Amino acid sequence: MLWRKVLLAAGVLLLCTSSAMAEVVVVLPIDRAKFLTGQKFDMEIELRGAKADEIKVLLDGKEAASFFGVNPVVKKETGLSSFRMDGVAFTKPGAVKVEVEAKAGGKTFKANVGYTVVGPEKRAAKNVILFIGDGMGLVSRQVARILSKGITQGKYNGFLEMELLKDGFALLNTSGYDSLVTDSANSASAYATGHKSVVNAMGVYENSSPDPLAHPKVENIAELVKRAAGMSVGVVTTSNITDATPAAMVAHTRRRAEQNFIAGEMLKADVVLGGGSQQFLPQSTPGSRRKDDRNLIEEFKAKGYAFAGSRAELAAAKGGKILGLFNLDNMNVYLDREILKNPDVLKGFNDQPTLPEMTRKAIDVLSGNENGFFLMVEGACIDKQLHVMDWERSAYDTIEFDKAIAVAREFAAKNGSTLILATADHSHGISITGTYHEKDGKTGRQAVRTYAASTFPTFVDADGDGFPENPAPEVTLAVEYANHPDYYEDFKFHEKSAPPAIMSGDVAIGNTRRAPKGILYPGNIPTSESQEVHAADDVPLSAGGPGADYFKGVMDNTEVFFGIVRALGLDPK
Ligand SMILES: [Zn+2]
């Protein structure tokens, strides 16, 4: 069963089933992979379940070694044989045919896969800014639009900044090559490399190795723009900076949990702003999550980075490289950080910058490079707050994320030549059922207003900053979830967040603390899950600026990478 899964997942070919354990030939990169000419990758062929006598690999009819000019490393062990060539690249655009023939114990195993290689285009954009609203599906955008802009007699009073990017629009498919529903490492990796991967992996294809750093790699956008064009790179997020999305821009690992390692990989970026000092401080420091005595903040400083640990320090930071870490772990969400300011929640991190402030600083610094820059900005807690079923906190973070896009649009309007992309890495199963109020004494599900009863919500943004002052107006939205554990629902905003479910042994049960007067909604996902989970829904991408025309219709998520390298005219040969 497992082998069958591997086989289907990798799109690879099973050729002989005579022995107890089926032998499988796995070709990495997988069938239908697409490459930019000159983009480096590791090619690996594994014969799983057998000790090979011989593995022969032909590319367009030519022996692999002479095709790439690289000698393969061949390993023949009982139950696993492999043929590997690291750091190879295609030099010409077009289709490539790969034929594999492995011989073991008198049997022959064959596999055929095909690749597409695209060449460089004329450079259209000097800079690219990729905004990733983590988990920000279509409905998250709409919830933010309702709260931020309002709706009168059925017409919106305005649109989000990301919705004003109108030169390109696409729906992206988000699946990895192993499963329908992705995680953020896998999906950000597709944007960063143009290649699909598997859940929890970034910048690699999955081989059989237990070592998360030994899987075959694909060159990512940070490495490419530096190597091919001498551009600068920035990574900005509201999460722990070593979390999946920012990490996938720079790192290669089968396991996103390798955050000690990922922290060091952040040296590939010139501007690094977010939370997560726990991965940079030596293990002797309280709160550190390092397993060694390295002080990465000092190491970054020694390599010429200015360091900022607060909003004030960020404002004052100077130079071409900045490391800013504003919390031990994830930064606090906008509602807690900027509006509620509960000291029990902020835990001493009282001076964290906003995402727009971090974005502005990153652009200021990176735009000093005449060769241009690539910047990724993530609104990370849009996702994290939906996992804990707190759509209000998620919506305020979506609005904050949108304000960061305003900063980029302002820069692009002044400086030109900047492609701005705003998308999500995957979706969450939320839907706007209607509105909710208790004006007539009804409560709970009886007070969910549908159809004609769903009169407009009463969020008010009196000071015009884009954020409604009160996240809990008399008439609020009825936002409901498609994929959740057992939880208590009261349709109200919770000043103090609490997880939707808690583990009782290995079963997740509704947490009464979340909504003491709420009604129990039985879960619709396995009881082992204590959080709301990702959905496989396609996600919207809005694009503005030179190169934005690439994005139209329904596209695979890997095409984000190809749209970026096309706009930048990257030619890494
Ligand atoms: Zn998530």
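Annotation: per residue accessible area for segment 431-521 equals 54 Å², rounded to a whole number [probe 1.4 Å, protein chains only].
The protection proxy used here, the mean number of other Cβ atoms lying within 10 Å of each residue, ranks peptides 75-83, 34-42 as follows, highest first: 34-42, 75-83.
Rounded to the nearest 20 debye, the dipole magnitude of the chain is 1080 debye, with +1 charges on Lys and Arg beta carbons, -1 on Asp and Glu beta carbons, and the Cα centre as origin.
Within the chain, all pairs of alpha-carbon atoms sorted by distance into 10 Å bins from zero give the percentages 4, 17, 26, 25, 17, 8, 3, 0, 0. Angle between the Cα long axis of helix 559-568 and the longest principal axis of the chain, 0 to 90 degrees, nearest 10? Taking the Cα atoms of the chain, the angle to 559-568 is about 80 degrees.
What number, in percent, do you get for the relative contact order of segment 445-573 if the mean sequence gap of Cα pairs under 8 Å and at least 6 apart is divided by its residue count?
Details: 157 pairs, mean separation 23.4, N = 129.
It rounds to 18 percent for segment 445-573.
Separation of the alpha carbons by more than 30 angstrom is noted, of 126/196; 155/552; 166/268; 303/341; 303/361, for 166/268; 303/341.
Where does the chain land at 222 nm, in deg cm²/dmol rounded to the nearest 500, when only DSSP H runs of n ≥ 4 count, each adding -39500 (n - 2.57), divided by all residues?
-6500 deg cm²/dmol
Dipole magnitude for segment 431-521: computed about the Cα centre from +1 point charges on Lys and Arg Cβ and -1 point charges on Asp and Glu Cβ, it is near 380 debye.
Derived scalar couplings between HN and Hα for segment 486-501 equal 3, 7, 9, 10, 10, 6, 10, 6, 10, 4, 10, 6, 9, x, x, 9 Hz in order, rounded to whole Hz, by the Karplus curve 6.51 cos²θ - 1.76 cosθ + 1.60 (θ = phi - 60°), x for Gly and Pro.
When the trypsin sites (Lys or Arg not before Pro) in segment 100-141 are filtered for DSSP coil states and for at most 16 other beta-carbon atoms within 10 Å of their beta-carbon, the remaining sites are 122.
Sites listed here are GluC sites (Glu not before Pro) in segment 332-376 whose DSSP assignment is loop and whose Cβ has at most 15 other Cβ atoms within 10 Å: 370.
On segment 456-566, 53 percent of the accessible area sits on carbon and sulfur atoms, based on a 1.4 Å probe.
Note that segment 92-249 presents 33 Å² accessible area per residue, ligands and nucleic acids not counted, probe 1.4 Å.
Given the C-alpha centroids of segment 420-452 and segment 509-541, what is the distance between them in whole angstrom? Result: 15 Å between the Cα centres. Specify the angular offset, from 0 to 90 degrees and rounded to the nearest 10, of the alpha carbon long axis of helix 184-193 from the longest principal axis of the alpha carbons in the chain. Orientation of helix 184-193: about 60 degrees from the principal axis. When the square roots of the Cα gyration tensor eigenvalues are ordered a ≥ b ≥ c, the ratio a/c for segment 291-367 is 1.5 or more and a/b does not exceed b/c, which makes its shape oblate. Principal-axis analysis of the Cα atoms of the chain puts helix 391-415 at an angle of about 70° to the longest axis. Show me the chymotrypsin sites (Phe, Trp or Tyr not before Pro) within segment 247-336 that DSSP assigns to loop and that have at most 14 other Cβ atoms within 10 Å of their Cβ. Listed in order of number, the matching sites amount to none.
Heavy-atom accessible surface of residue 520, to the nearest 10 Å², is about 90 Å², with a 1.4 Å probe and all protein chains retained. Excluding same-chain neighbours fewer than eight residues apart, the lysines reachable from residue 110 by a Cα-Cα span under 19 Å are 5, 51, 56, 62, 75, 76, 97. Over the chain, Cα pairs under 8 Å with separation of 6+ residues give a relative contact order of 19 percent.
Max-minus-min Cα coordinates of segment 98-203 on each principal axis give 75, 35, 21 Å, with the largest extent listed first. Between the alpha-carbon centres of segment 92-148 and segment 321-388 there is a gap of 28 Å.
Taking amide H as placed 1.01 Å from N in the peptide plane, residue 181 has no amide H partner under 5 Å among residues 5 or more places away or on another chain.
Only protein heavy atoms count here; on that basis, with a 1.4 Å probe, residue 474 has an accessible area of about 120 Å².
Listed by chain and number, the lysines whose C-alpha is less than 18 Å from the C-alpha of residue 347, apart from same-chain residues fewer than 8 away, are 496. Solvent-accessible area of residue 484, all protein chains in place: 10 Å² (probe radius 1.4 Å, heavy atoms, ligands and nucleic acids excluded).
The values are calculated or read from the model by the stated rules, or taken from the named source; none is laboratory data. Small disclaimer: the values here were computed from a predicted structure and weren't measured. As a convention, Cβ positions derive from the backbone with ideal geometry for all residues, glycine included, and neighbour counts pool all protein chains shown. We work out accessible area using only protein heavy atoms, side chains counted, and drop any ligands, DNA or RNA first. Shrake-Rupley method; radii C 1.70, N 1.55, O 1.52, S 1.80 Å.
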